[in-house]
Amino acid sequence: MPDSSLSQDGPPTECLDCLVVGAGPAGLMAAEQVAKAGFRMGLFEARPNLGRKLLLAGRSGLNLTHSEPLAALKARYMPAKSAALSACLEAFSPQDLCSFSQDLGEPTMIGSSGRIFPKSWHATGFLRAWLKRLDALGLRAFTRHRLTGIEQAREAGARWHVAFDTPTGPQHFEAKAVILALGGASWPRVGSSGEWVAVTQALGCQHAPFWPANCGLVRDWSPYFQERFAGGYWKGLRLRLLDLEGVCLVGPSEGDVSLTKTGLESGAIYPLSVHASQPCILEIDFKPQTDRGPLAQQIAKLRPRASLAKRAAALKLPASFVPLLKEVPQDSPDLLDWIKAFRLPISGNAGLERAISTRGGLALSELDDSLQITRAPGIWAAGEMLAWDAPTGGYLLQACFSQGFVAGRAASRWLSEQPASAQAT
């Protein structure tokens, strides 16, 4: 292990059996498992409150998980062949998560798209009930504690020395086990800044660079189009992302699209966004349910002298279709091409600060099947800080809950197997 600059002068603030660092979905779940096992543990969070990322995720409805069969659900994740990720989803499945929510007094429901939500819809009640249960388990929370380093402990009875920056100055704790659930690099204002990479690099771990995933595409609308159509939708599209030479980068993706002041967002946009780090072209099929031949026949039956707006209305195109043609003049004068292959220049994706999730993070190859860091026995990692990714629709939260469950259970088993003389005192 490389030399560390952490100071171990003086006694630690406290010695615990286990430290859980990070109070998002994965960290809260891991903390519950350790607390249930009866070990002395603390939950450490850099922000003033616990569960802020969970509240953000549930701002427009807490999509906990998805109702599709487990085999299909596991295929949604990248890397798809990760044995550890697959094992986590099996150990704490969507059915287990629904039962967990039910036990909190938050029964679930299945939406029309197969997504699963608490019946109360938002995250506030779910989180409040969970924190109340954790408090009853004796959970001790340390907020405004930002992790600054981990190194091997020198004191007898502990394995890891963990340093934090706090409003009152540096503090350090010692523990036999540590669970890291530090988040990715999206929405840094709620704590997921990715700054923790320096800490795990000091342990010798390998990482994949962070990339924004599941975010919007940026389009510089004219003031008129932005004011008139931002907040509206395009329904039932088929989308492809092209480079500036017209070569397909990814797609197709199908679904509705939300028009925003800065571009486009939706579940159909998000799978494309990770490939949009540079200026590119969004190719839009406004009528994917109708092939070119039948659509050409429909166009031919329209009055030739009718205005473009009237022809678009007759074809049931969105009200913003004709203004869009003025916004982005197309190379082809053919209405059929405009409908089936409209090319919208895109500046790029919305970036890490607006991404729902990130690709990259701590390499899965650094972990065993229990999510323990193999080069640092006694340290586990879980949640979005790991290098995996999934689409929206409940898959992200499900994996975070599952990984927190597995890491918490594994750390508890590991602690119970240690000689009594080695327990933190």
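Descriptive notes on the structure:
- Residue check, residue 49 in a loop (DSSP other than H, G, I, E, B), surrounded by 17 or more Cβ atoms within 10 Å (Cβ to Cβ) and out of contact with any Asp or Glu (no Cβ under 6 Å at 6 or more places or on another chain): no
- Hits in region 274-290 - residues which are assigned to a loop (DSSP other than H, G, I, E, B) and in contact with a strand residue (DSSP E or B) (Cβ under 9 Å, 6 or more places away or on another chain): 274, 275, 276, 277, 278, 279, 286, 287, 288, 289
- Matching entry among 166, 124, 200 (being of a type in the set (Val, Ile, Thr), surrounded by fewer than 22 Cβ atoms within 10 Å (Cβ to Cβ) and touching a strand residue (DSSP E or B) at 6+ places or on another chain (Cβ under 9 Å)): 166
- Residue check, residue 112 more than 20 Å from the chain's Cα centre (by Cα), surrounded by fewer than 13 Cβ atoms within 10 Å (Cβ to Cβ) and not charged (D, E, K, R): yes
- Residue 306, sole failed condition from (1) surrounded by 15 or more Cβ atoms within 10 Å (Cβ to Cβ); (2) outside the structural domain of residue 179 (by TED's automatic domain parsing); (3) among the aliphatic types (A, V, I, L, M); (4) out of contact with any Gly (no Cβ under 6 Å at 6 or more places or on another chain): (1)
- Each residue in region 66-124 was checked for being of a type in the set (Lys, Arg) and either assigned to a helix (DSSP H, G or I) or in contact with an Asp or Glu (Cβ under 8 Å, 6 or more places away or on another chain) (or both), and 2 pass.
- Qualifying residue in region 347-358 (condition: surrounded by fewer than 15 Cβ atoms within 10 Å (Cβ to Cβ) and of a type in the set (A, V, I, L, M, F, W, C)): no
- Hey, residue 181 aliphatic (A, V, I, L, M) and surrounded by fewer than 20 Cβ atoms within 10 Å (Cβ to Cβ) or not: no
- Residues within region 371-406 that are in a strand (DSSP E or B) and among the acidic types (Asp, Glu), tallied: 1
- Looking across region 367-413 at every residue that is of a type in the set (S, T, N, Q) and surrounded by 24 or more Cβ atoms within 10 Å (Cβ to Cβ), the one that is nearest to the chain's Cα centre (by Cα) is identified as 398.
The values are calculated or read from the model by the stated rules, or taken from the named source; none is laboratory data. Because the structure is predicted, anything quoted here is derived from the model rather than measured. In this analysis, Cβ positions are derived from the backbone assuming ideal geometry, glycine residues included, and neighbour counts consider all displayed protein chains.
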